[in-house]
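Shown next, in structure tokens, is the structure this report addresses.
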Amino acid sequence: MINCFTLLFVSLASLLMPARAELVFVGDAMQHQSQLDAARTASGAYDYSGYFSAVEPYIKSADFAVANLETPLGGKPYSGYPMFCSPDAYARALKDAGFDFLFTANNHMLDRRDRGLKRTVSTLDSLGIPHVGVYANSAERNKKLPMIVNVNGFRIAMLNYTYGTNGINIQGDVVVDYMNYPDIERDVAEARKAGAELVCVCLHWGEEYHLLPTVQQKRLADKLTDLGVDMIIGGHPHVIEPMEMRLSKRGTPVFLVYSLGNFISGMRTTDTRGGAMVRVVLERDSLGVAKVSDATYRLVFVVPPGHGESNYSLIPAEASGPKSTEAWRKGFWHNAKKIFDRHNVNVPIDTLPIDSYASSGELGTKWPKKIRKTVCRLKNK
């Protein structure tokens, strides 16, 4: 009787548990001085409404959306390059746009030194935005890691590392996860031991403004593939770099993107005026084993103020923008597509109109939170 009940219980949980989840990753979410100036209102507040409106359907339709926060939230005074510091309203805008999670290990996270890092951590915590990469102290890191998120029943470990922090050294007890292979290897092993079905590693690496990965990037990507990492998400170059669907030594699919480029920034060269958003599909095979099954990309372009708008905004790069920015948009689109068409491996462009994602939450993989929480409780018993 007990065995029959157990089998029925497991079967019911399996039927309730979605066999698919969709993740969206975007590149560097930045705040240059021109962005701060444009967002500042007459009252001294910062308004980011409309920043992401044109791409929100794509972000919000995902079961889990992730961005790289490449600026500390260190409090006033705010500043752009080279020592970034942004208002809390920027993080709220990212959350309102549909982002569920932020990577924080990057070369600018110590721009306001230890105090700025600690304030960034506490601000994100107070806003209810999960994050990984930097920590107020080692005790906090030990408590948070392994960071395993439950997305439609898929248990995914989120790890994040940076090559450095622009020569700024840690003065106190804060922790930055620097890119060191033995540390990554240890963290991946601990995540698997803690029950992670899939492992996602975000790396802040490479050479700025290079459209192709360096030898060092390729070597580390190969090592992480052999280690069994399922998703390798790259950033830092501020331009796009190729992406691949490849196989590990065990024959499991691995998604790799060397650089997603800029998500939104105040940079002005052709290749830095936009970036890529990727949609990674997770599925379970007939035995219930989780795997990466598919990935597609689409390009986004940054429209600065002064072109019919008072603030910065993002648009799908395939869509026409203000006439005054069309030459830039076409140049960015041409260069990015050329790189992806030549160097991508089994990662095609998403050709669906972005507005088609607006109602996908009703028909796609997003289950009501009540059902997801119930299933998670059943699974964890």
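The values are calculated or read from the model by the stated rules, or taken from the named source; none is laboratory data. Note that this is a predicted model, so its numbers are computed, not measured. Here Cβ is always computed from backbone atoms with ideal geometry, including for glycine, and neighbour counts include all displayed protein chains.
Look at Leu220 and say whether it is hydrophobic (A, V, I, L, M, F, W, C), within 30 Å of Met83 (Cβ to Cβ), in a loop (DSSP other than H, G, I, E, B) and in contact (Cβ under 8 Å) with a residue 24 or more places away in the chain. Criteria not met by Leu220.
Within segment 66-79, none of the residues are closer than 30 Å to Met231 by Cα, modelled with pLDDT of 95 or more and either surrounded by fewer than 20 Cβ atoms within 10 Å (Cβ to Cβ) or aromatic (Phe, Trp, Tyr) (or both). Close contacts from segment 177-189, counting a first residue that is within 12 Å of Trp205 (Cβ to Cβ) and a second that is surrounded by 14 or more Cβ atoms within 10 Å (Cβ to Cβ) and among the basic types (Lys, Arg), with Cβ to Cβ under 8 Å and a gap of 6+ residues or different chains, come to none at all. Just name the residue that is farthest from the chain's Cα centre (by Cα) out of those in segment 164-174 that are surrounded by 17 or more Cβ atoms within 10 Å (Cβ to Cβ) and within 24 Å of Gln216 (Cβ to Cβ). Looking at residues that are surrounded by 17 or more Cβ atoms within 10 Å (Cβ to Cβ) and within 24 Å of Gln216 (Cβ to Cβ), I get Ile168. Taken over segment 30-49, the residue count meeting the criterion of being of a type in the set (D, E, K, R) and within 13 Å of Pro304 (Cβ to Cβ) is 1. Among the residues of segment 123-147, those that are surrounded by fewer than 17 Cβ atoms within 10 Å (Cβ to Cβ) and out of contact with any Phe, Trp or Tyr (no Cβ under 8 Å at 6 or more places or on another chain) comprise Asp125, Ser126, Leu127, Gly128, Asn137, Ser138, Ala139, Asn142, Lys143.
Looking across segment 266-289, the residues that are over 17 Å from the mean Cα position of the chain (by Cα) and either closer than 28 Å to Ser79 by Cβ or crowded, with 21+ Cβ neighbours inside 10 Å (or both) come down to Gly266, Met267, Arg268, Thr269, Thr270, Asp271, Thr272, Arg273. Of note, Gly172 satisfies the criterion of being farther than 25 Å from Leu224 by Cα, in a loop (DSSP other than H, G, I, E, B) and among the small types (Gly, Ala, Ser). Screening Gly164 with (1) assigned to a strand (DSSP E or B); (2) farther than 23 Å from Lys291 by Cβ gives one miss only, at (1).
Just one of the listed residues (Ile156, Ile184) is surrounded by 16 or more Cβ atoms within 10 Å (Cβ to Cβ) and in a strand (DSSP E or B), and it is Ile156. When residues of segment 223-275 are filtered for being basic (Lys, Arg), over 24 Å from Ala65 (Cβ atoms) and either part of a loop (DSSP other than H, G, I, E, B) or in contact with a Gly (Cβ under 9 Å, 6 or more places away or on another chain) (or both), how many remain? The qualifying residues number 3.
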